[in-house]
Amino acid sequence: MHPTLAQLPAGRTARVTDLRGCAESCQRLMEMGFTRGTLVEVLLRGTPSLIRLRHGRVTLSAELAQAVLVG
Amino acid sequence: MLDQILRVAVAGNPNAGKSTLFNTLTHGREKTGNYPGITTEAKRGLWHDLSLFPAGAPRVELLDLPGAYSLHAHSPEEAVSYRVLSDGAPGSEAPQALIVVVDVMNLERNLFYALQLLELGRPTVVALSMTDRLAAQGGTLQLQRLAEVLGVPVVDARRDDPATPKRLADALVQAMAAPGAERRWIWPDAQVEASFRDLADRLAEATASERRGADGTLGWWLSSQVEAGEISPATAPLRAELDALAARYFTGEPGVPARDQMARAAIEARYAWIDRKVAPLLDLPASAESRSDRIDRVVTHPVAGPLLFLATMGLLFQLMFVGADPLISRIEEAFGALGRWLGGALPQGPLNDLLVNGIVAGVGSVVVFLPQIAILFALLAFLDGCGYLARAAFLMDRVMARVGLHGKSFVPLLSSFACAIPGIASTRTIERENDRFITILVAPLMTCSARLPVYALLLATFFSDRPAIGGVINQAALGLFLLYFLGTAGALAMAWLLRKTLLPGSRPPLILELPPYRLPRARDVWYEVRERCIGFAKDAGTVILATTILLWAAMTYPRAPEVEARFDAQLSALHDTAPAADAPLAAVAAHRVQVLRLQQERHHAVTERTVAGRVGHFILPVLRPLGFNEQISIGLIASLAAREVLVSSLGVSYGVGDDEESQGLRMALRNDPRMNRATAISILVWFVFAFQCFATAGAVRRETRSWKWPALLVGYQTLLAWVASFVAYRGALWLGLGGP
Ligand SMILES: Nc1nc2c(ncn2[C@@H]2O[C@H](COP(=O)(O)OP(=O)(O)O)[C@@H](O)[C@H]2O)c(=O)[nH]1
Ligand SMILES: [Mg+2]
């Protein structure tokens with residue numbers, strides 16, 4: 001089982017491997033760039049967490065960070 | 001040809017620079033009048049500099065669409081963009097061409113939406129914003145190559161370059177002249193693509209008569225039919241075929257519906273295309289984000305962040321009050337003077353009364369709101385342009401989560417400190433309906449500027465001369481703070497309650513982009529403020545004016561001429577017995593008191609017989625447990641026009657001046673044996689919670705598209721106000737505040 005984005009410590013970089021269990025929101029996450037293979041960096045962990053991806057910064061609430069599997 | 005108009009939509013992600021470009025091209029000259037189907041949500045304006053286009057070219061009308069991340073709309077604001085762009089009904093005013101604003105500093109993510117828009121197959125220009133930032137950070141973009149890859153003109157549209165409009169105009173002419181844009185598609189697999197293309201062609205046939213947007217552009221079809229899941233009757237039979245196709249090709253993940261897999265595949269295919277074709281054209285040094293990152297390290301810091309946030313909010317309120325105060329009194333004076341002048345210049349009679357007490361007073365009570373609204377929205381526009389509001393939403397998310405809302409509800413509630421109406425309109429960024437409705441329903445509890453004159457009058461009258469608590473804390477100032485606190489706490493508590501009962505839902509998931517920090521242009525802030533003020537005057541102003549006039553009539557009719565005549569006779573008799581100027585002071589004063597008392601009696605006798613008086617009398621038994629007397633009861637009815645009207649209404653009913661500064665009204669209130677600190681507290685608490693603004697109900701109706709929610713708003717606010725006032729009044733009596 002892959003870890004989720006919510007489990008990554010701040011400062012860590014990883015690649016998105018999949019999105020799980022958030023139907024509508026997952027689609028929005030993907031539209032905003034969280035596609036498989038995308039490099040993401042955790043800037044701040046918590047509720048909400050702050051993620052850098054594709055030259056931008058996005059904040060996610062914990063449920064969503066848990067939906068992003070990384071590896 | 002001459003009065004032909006070319007409609008061009010400016011679209012792109014939030015914060016890409018759309019409004020900035022729109023303002024540059026139109027010189028901020030916004031056209032009023034509505035776009036069909038949408039009301040005030042998308043701004044329109046004419047391209048200012050016609051000399052940039054060839055002679056005889058049609059005029060260009062620009063449409064500033066709300067930002068969106070995808071044609072598949074997740075929020076009402078995105079839905080506006082989708083509706084405009086997908087609208088292809090014959091004779092509609094759908095845009096004929098697009099300017100897609102793409103932030104080069106966020107190229108890949110901006111291009112996702114841009115690709116969807118290109119798939120619409122309309123003539124399109126890609127306008128690159130923030131190229132100045134790119135250059136400043138030592139980055140480069142192969143612009144020519146990008147244009148070749150995308151198949152449409154791409155121009156550098158940086159904000160502060162005077163040549164930007166010319167470049168865009170040329171590109172627009174070029175895009176319009178190009179033969180029908182090539183249908184592009186993104187499926188990596190040729191067989192998949194062929195199947196979908198076939199289906200798309202048939203779909204286009206089925207819908208051609210109805211929606212021009214579907215003229216064979218697979219992308220449009222995919223965006224609207226697949227991603228948004230929207231079906232028109234004509235396309236319903238094809239839906240089954242679509243499902244069959246999806247089931248055939250998208251079965252990789254067991255347990256996930258094929259349609260969802262297909263939608264995801266469409267998104268991934270676009271990003272894959274961007275990564276392959278576009279990413280190599282951009283050379284952005286790795287350190288490029290550092291400035292915003294450095295600022296964010298402080299702004300989003302767990303300790304420093306909230307402190308900075310509190311300081312910012314404190315400063316915002318300080319500026320709002322300190323800045324607006326002198327303007328507000330200036331406006332009140334001016335309208336007072338205008339009313340007196342008109343009242344004197346015109347012959348006495350009902351028309352005079354209507355003009356002075358109905359219309360001038362009504363317009364005045366709209367205009368007094370403008371200083372605070374203008375200042376608050378100037379500050380909000382500035383903070384938004386900087387990128388701070390997104391951080392504030394991020395910081396407030398944790399607090400809002402406690403009551404079941406998320407950070408995006410913060411800005412609407414903040415705006416409601418000036419006036420709930422623009423606050424309610426700004427909930428359109430909230431995705432889920434229940435979350436949005438909760439925010440709309442509690443926004444009117446935030447302390448808007450209309451409550452302040454009432455707070456000021458009662459606090460100054462009953463608390464400012466009390467000894468400071470502990471020798472330092474002024475009781476009136478503390479009272480004001482507590483009233484603000486009570487309103488905010490009430491709003492949060494109601495949000496929690498609504499979430500638990502009528503509008504259930506899980507904690508809304510927050511996805512919010514934090515844009516890089518940028519300094520906004522003064523003129524963009526100014527345009528925004530102007531738009532807000534005009535919007536307020538139009539939306540709220542008309543309702544406030546109408547209610548003021550209606551209530552003026554209710555407070556005036558039916559008239560009782562015989563009662564008036566009787567009192568007038570008594571008054572003139574009293575006048576005749578006035579003591580001489582050199583009479584003893586006590587005699588003069590006693591006579592003066594007699595006159596005042598008689599005037600008051602006259603006023604009571606006259607208003608008692610009016611519609612408002614009767615209603616006030618009728619509801620008095622309900623309000624008596626709260627310690628309200630008949631004047632207050634009638635004043636509450638009058639203040640349904642706008643809360644601050646209570647002050648002038650009390651002034652009139654006590655027969656003194658109608659100005660909150662006036663010592664007369666304060667004296668009269670203090671000398672009224674039925675008034676004391678307990679009743680004052682009760683009235684104040686009433687004003688914190690009660691429904692008192694028809695304009696707000698109208699705004700709620702517009703945003704929720706139903707009368708159910710405004711009805712609920714009126715109901716719960718009234719009930720809450722009654723219970724809270726009752727508790728406060730009884731509590732205050734128990735504390736011994738019921739005495740002089
Ligand atoms: N440096 C720079 N800033 C820009 C440029 N275009 C827009 N901005 C700034 O970016 C911020 C967001 O722009 P705005 O037009 O409000 O974005 P919108 O959400 O797409 O309407 C504002 O502070 C603008 O002044 C540009 O080309 N260069
Ligand atoms: Mg904008």
Output for the stretch B:99-110, where each listed residue is part of a helix (DSSP H, G or I) and within 15 Å of ligand 1 (Cβ to nearest atom): B:104, B:105, B:106, B:107, B:109, B:110
Residue selected from the stretch B:560-613 under the condition under 15 Å from residue B:631 (Cα atoms) and open to solvent by 60 Å² or more (accessible area, probe 1.4 Å), by the criterion modelled with the highest pLDDT: B:611
Selection status of residue B:116, over 24 Å from residue B:521 (Cα atoms), away from ligand 2 (no atom under 16 Å from the Cβ) and free of Cβ contacts under 8 Å to residues at least 12 places away in the same chain: no
Residues (modelled with pLDDT of 85 or more and among the acidic types (Asp, Glu)) located in the stretch A:7-33: A:18, A:31
Residues located in the stretch B:147-164, provided they are part of a helix (DSSP H, G or I) and either crowded, with 19+ Cβ neighbours inside 10 Å or touching a Ser or Thr at 6+ places or on another chain (Cβ under 6 Å) (or both): B:150, B:164
Test for residue B:547: is it among the polar types (S, T, N, Q), open to solvent by less than 60 Å² (accessible area, probe 1.4 Å) and under 22 Å from the mean Cα position of the chain (by Cα): yes
Within the stretch B:437-489, tally of residues that are touching a helix residue (DSSP H, G or I) at 6+ places or on another chain (Cβ under 7 Å) and under 30 Å from residue B:705 (Cβ atoms): 15
All strands (runs of 3 or more DSSP E) inside chain A with 2 or more residues being in contact (Cβ under 8 Å) with a residue 60 or more places away in the chain and more than 19 Å from residue B:108 (Cα to Cα): A:68-70
Residue list for the stretch B:490-506, restricted to those being in contact with a helix residue (DSSP H, G or I) (Cβ under 6 Å, 6 or more places away or on another chain) and open to solvent by 30 Å² or more (accessible area, probe 1.4 Å): B:505
Every pair of residues 6+ apart whose Cβ atoms lie under 7 Å, when the first sits in the stretch B:256-276 and is farther than 15 Å from residue B:116 by Cα while the second is assigned to a helix (DSSP H, G or I) and charged (D, E, K, R): B:259/B:243
Residue list for the stretch B:715-740, restricted to those being without any contact (Cβ under 8 Å) to a residue 60 or more places away in the chain, assigned to a helix (DSSP H, G or I) and surrounded by fewer than 18 Cβ atoms within 10 Å (Cβ to Cβ): B:715, B:718, B:719, B:723, B:727, B:730, B:731, B:734
Residue satisfying all of: in the stretch B:248-290; surrounded by 15 or more Cβ atoms within 10 Å (Cβ to Cβ) and away from chain A (no Cβ under 12 Å); nearest to residue B:145 (Cα to Cα) among these: B:281
Test for residue B:525: is it under 30 Å from residue A:48 (Cα atoms), assigned to a helix (DSSP H, G or I), open to solvent by less than 50 Å² (accessible area, probe 1.4 Å) and in contact (Cβ under 8 Å) with a residue 12 or more places away in the chain: yes
Which listed residue, of B:364, B:343, B:339, is in contact with a Phe, Trp or Tyr (Cβ under 6 Å, 6 or more places away or on another chain), over 24 Å from residue B:700 (Cβ atoms) and open to solvent by less than 20 Å² (accessible area, probe 1.4 Å): B:364
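The values are calculated or read from the model by the stated rules, or taken from the named source; none is laboratory data. Here the structure is a predicted model, which means the values were calculated and not measured. Glycine gets a Cβ as well: all are built from the backbone with ideal geometry, and neighbour counts include every protein chain shown. For the accessible areas, the whole protein counts, side chains as well, though only heavy atoms, and no ligand, DNA or RNA atoms are used. Shrake-Rupley method; radii C 1.70, N 1.55, O 1.52, S 1.80 Å.
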